[in-house]
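Have a look at the structure below, then the notes.
The values are calculated or read from the model by the stated rules, or taken from the named source; none is laboratory data. Source: prediction; values computed, not measured. Neighbour counts are summed over all protein chains in view; Cβ atoms, including those assigned to glycine, are modelled from backbone coordinates with ideal geometry. Please note that ligands, DNA and RNA were not included when accessible areas were found on the heavy atoms of the full protein model with its side chains. Shrake-Rupley method; radii C 1.70, N 1.55, O 1.52, S 1.80 Å.
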Amino acid sequence: MRTLITGFGAIADSLGEDPHMLRLHGEPCHALALQKTPRFSWDCVVDSDPHALERAQGVYAIPHCHSSLDNVPDKESYEAAVLTSPAHTRQSLLDTFPNLKAIMLEKPLGPDLDLAGHFLDQCESRNIQVQVNFWRRGVKDYLALAQGSELEKRIGTFQTGFALYGNGLFNNGSHLVDFIQFLLGPIQAVQALSEAERLEHSPIPGDYRLSLALTLASGAVITLQPLDFEHYREVSLDLWGTRGRISFAQECFNSYFFPVSENRTLDNAYEIAWDQMTTLPFSTLGALTSLYDNLYQSVTDPDAGLLSPASAALSKEKLLNQALLSARKGGTIIAV
């Protein structure tokens, strides 16, 4: 499918120059993922920044680089688009390219969720498949945990958990909320545990830091706490079950298992054995490429289903807005 990218910044391009991201992700940016996905023929970049267009031409040899969608030739020939540009630019993409079949979308879908819903309704009416880049859903080892009873086999019945994030609730916080839903199922209620604090500097303008609690269908609760990335980075999820504990740490690139053992301070009791940690052989390599492969499959096979559908991303952003509402109401529990 002939493909264009709108917005050629960090997530589309420059993250691919970080050696650590390359080692852990394989293809940490859309440009590298598209180069390794032969089903998408990427030949166009649209960005208002001349430097971004120079990089697309010089680094990736992209022949069609334009400052405006209107300047793109042969608009009818494009079937796929990667949208890393701001939310208000998305409607013009649908108006400009009449034969789109697939869209890879970056979060957030908002801030205007009604407008985002209208955009997705239009995509659905035109039978355009829309995937959102929640990359953990593309990790094959995480997918295996989410399917069937694999997670329960490892840790037993889920009891409680906690998560750490930084750089914004709608940024990394949304990734963790999505990961929780992916592994453990729907969230039934949300509660703010602190006031919502606006971030002065964040990848998503106007984002917040907020402590919150999520209640699952089982009644189990997971808490999310923000960190200040000025000191160190962490995006992690810790899940405690009846037979063990699993920890997705170092921004979820490394996974660890802790078994249950005899309690060392009390007879006829048990504990999580912190000193018997096992590093799980999970690999995050190729996660974004897997999402692209799945996007193409969803176009060619209507029964395939998307791993990270935009409808789920929209409901997630509504949930985060309900968390902000809970904060304004002094920590009221809000049903989702």
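Translational diffusion coefficient of region 31-106 (Stokes-Einstein, Kirkwood radius from Cα pairs, 10 °C, 1.306 mPa s): 123 µm²/s.
Here is how the number arises for the chain: DSSP H runs of 4 or more residues each give -39500 (n - 2.57), the sum is divided by the residue count, and the result at 222 nm is -9000 deg cm²/dmol.
Would you mind working out the magnitude of the charge dipole of the chain relative to its Cα centre, with +1 at each Lys and Arg C-beta and -1 at each Asp and Glu C-beta, to the nearest 20 Debye? Value, rounded to 20: 620 debye. Atom-type composition of the exposed protein surface of region 38-95 places 48 percent of the accessible area on carbon and sulfur (1.4 angstrom probe).
The residues of region 177-336 expose on average 50 square angstrom of accessible surface per residue, using a 1.4 Å probe on protein heavy atoms. Qualifying GluC sites (Glu not before Pro) in region 171-222, where qualification requires a DSSP coil assignment and no more than 14 other C-beta atoms within 10 Å, comprise Glu195, Glu200. Taking region 56-70 and a reference point 7 angstrom along Cα→Cβ of Ser41, the backbone N atoms nearer than 18 Å belong to 61-65. Using only Cα atoms, tell me the angle between helix 287-300 and the longest principal axis of the chain; keep it within 0 to 90° and round to the nearest 10. On a 0 to 90 degree scale, this one is about 60. The length gained on full extension between Glu76 and Ser125, counted as 0.36 nm times the residue separation minus their Cα-Cα distance, comes to 15.8 nm. Quick check: the angle from helix 310-328's long axis to the longest principal axis of the chain, C-alpha only, nearest 10 degrees? Between the helix axis and the principal axis of the chain, the angle is about 60 degrees.
Between the Cα long axis of helix 50-60 and the first principal axis of the chain there is an angle of about 80°, rounded to the nearest 10.
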